[in-house]
Amino acid sequence: MNKERRQFYSTFLLLVLTGALVLAFLVLRPFVDILIIGLVLAALFRPVHRRIAGLCGPRVTLAALVTTGLIFSCLIIPVFFFLGALLAQGVQSVNALQAKLATTDFNALFSHESVAPYLNWVQEHLPFLDIKKLALQADLLSLSKNAGQILLDSGTTILGNVFVLTMNFVILIFVLFFLIRDGEAMLGYARYLLPLSTDQENRIFRQLDDVAKSVILGAFVIALAQGAAGGLGLFIVGVQPFFWGCMMGFASLIPVVGTAIIWLPVSLYLMLTGQWQWGLFLIGWGAVVVSSIDSIIRPILMQNRSKMSTFWVFLSIIGGIKLFGALGILYGPLVLGFAMVMLSLYGEDYRHVLDERNLVAAPRPGPDKAPQ
């Protein structure tokens with residue numbers, strides 16, 4: 001085959017391949033989220049599956065069935081029950097909050113002898129801020145009503161799509177089984193098709209695996225622990241623990257401020273209403289117990305995981321949520337982690353060009369080494 005015919009053949013083959021991949025993507029697009037969630041779950045439970053496979057011997061299908069059943073029983077079913085209970089208690093908590101706000105006399109509260117000195121200090125040092133003229137009660141009631149409407153709409157949407165959710169659930173189990181059973185073969189074929197070196201392939205797949213696991217282990221597990229600890233503190237002071245503990249878990253994803261968004265306003269409210277002992281207790285509980293969970297658990301879970309800084313993880317999560325919705329919590333870090341490892345590979349392969357053009361800072365010789 002001469003050069004012209006070979007070039008035509010290669011171009012034609014690439015065009016047909018591109019068209020086939022586009023059509024395949026259109027066919028699989030409704031299941032992209034399910035496939036990605038399945039890949040993450042399969043990677044997360046890979047060590048468990050290896051142990052089960054060791055016990056089952058050559059019966060690979062049985063091992064995959066056992067692992068899939070374990071994920072189904074320990075993770076997926078509890079998540080469904082958790083979301084249902086969260087929506088139900090969320091509506092109850094918001095309704096109770098609205099009733100409390102509607103019956104609270106904020107003027108009398110601001111005039112209380114324990115609050116007046118602090119208001120006087122605020123008016124003296126911040127004269128532009130007149131708290132007594134703020135429509136605080138109306139604003140809080142409006143905010144709580146909006147939150148309640150969001151919860152009601154979410155519950156209605158979920159109940160209205162029971163059939164779709166059930167079908168997606170069945171598809172997820174089906175996908176999980178085959179990813180667990182045949183995942184190694186699929187990964188090997190993907191490696192074969194990639195025109196990269198083995199080291200580059202290892203780095204790409206390792207980075208994606210580490211990012212996915214770090215998001216789940218570093219974010220969700222810590223959120224679960226902080227939500228549970230925060231819920232316990234709220235239960236002790238007499239506040240509805242389940243819903244607000246869950247909100248505290250979600251708030252733990254926010255850097256710097258974190259769970260203080262929940263426990264600090266509750267503490268201030270308790271102190272303003274005369275329950276200053278419980279308010280001080282909740283401040284101490286939140287600052288010492290809840291906040292310390294992150295600094296204790298995160299280093300344990302994140303050992304040898306993704307090297308992405310908290311800054312980039314936070315931006316990728318927020319950007320991912322804006323672009324992909326709720327699943328952006330996972331997709332955002334995955335996309336950014338993939339981009340970072342590709343930039344690293346690019347910098348290594350073209351280091352000589354980049355150094356020559358001074359596009360990146362070349363390593364400088366030490367004071368005892370003169371340039372050659």
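Remark: the ARG191-TYR269 segment gains 22.3 nm on full extension, using 0.36 nm per residue and subtracting the alpha carbon distance.
What the Cβ-Cβ distance of ILE261 and TRP312 gives, at R0 = 22 Å and to the nearest 0.05, is a FRET efficiency of 0.50.
In segment 210-229, whose amide N lies under 20 Å from the spot 7 Å out along Cα-to-Cβ of LEU343? List them in ranges. So the set is 210-212, 214-215. Ranking GLU356, GLU184, GLU201, GLU348 by solvent-accessible area of protein heavy atoms (1.4 Å probe, all protein chains present), from largest to smallest, gives GLU356, GLU184, GLU348, GLU201. Placing a label point 7 Å from the Cα of GLN277 along the Cα-to-Cβ direction, the residues of segment 235-251 whose backbone N falls under 18 Å from that point are 235-239. Counting Lys and Arg as +1 and Asp and Glu as -1 over every other residue whose Cβ lies under 11 Å from the Cβ of LEU44, the net charge comes to +1. Estimated at 0.36 nm per residue, the fully extended path between TYR350 and SER295 surpasses their Cα-Cα distance by 15.9 nm. Simple spin-label estimate for ALA287 and VAL164 gives 4.7 nm between the two label positions (7 Å along the Cα-to-Cβ direction from each Cα).
Just subtract the alpha-carbon distance of THR61 and PHE324 from 0.36 nm times their residue separation and send over the number in nm, one decimal.
91.3 nm
Residues whose amide H lies under 5 Å from that of GLN240, counting only those 5 or more places away or on a different chain, are absent; hydrogens are built 1.01 Å from N in the peptide plane.
Give the residues of segment 282-296 whose amide nitrogen is closer than 14 Å to a point set 7 Å from the Cα of LEU232 in the direction of its Cβ. Residues passing the 14 Å test: 285-294. Computed with a 1.4 Å probe over protein heavy atoms only, the accessible surface of segment 164-239 comes to 51 Å² per residue.
Using the Cβ-Cβ distance between ILE254 and LEU13 with R0 set to 51 Å, the FRET efficiency works out to roughly 0.55.
Of PHE25, PHE205, the order by accessible heavy-atom surface (1.4 Å probe, DNA, RNA and ligands excluded), from most exposed downward, is PHE25, PHE205.
The values are calculated or read from the model by the stated rules, or taken from the named source; none is laboratory data. Here the structure is a predicted model, which is why all the values come from computation and not from measurement. In this analysis, Cβ positions are derived from the backbone assuming ideal geometry, glycine residues included, and neighbour counts consider all displayed protein chains. All accessible areas refer to the heavy atoms of the entire protein, side chains included, with ligands and DNA or RNA removed. Shrake-Rupley method; radii C 1.70, N 1.55, O 1.52, S 1.80 Å.
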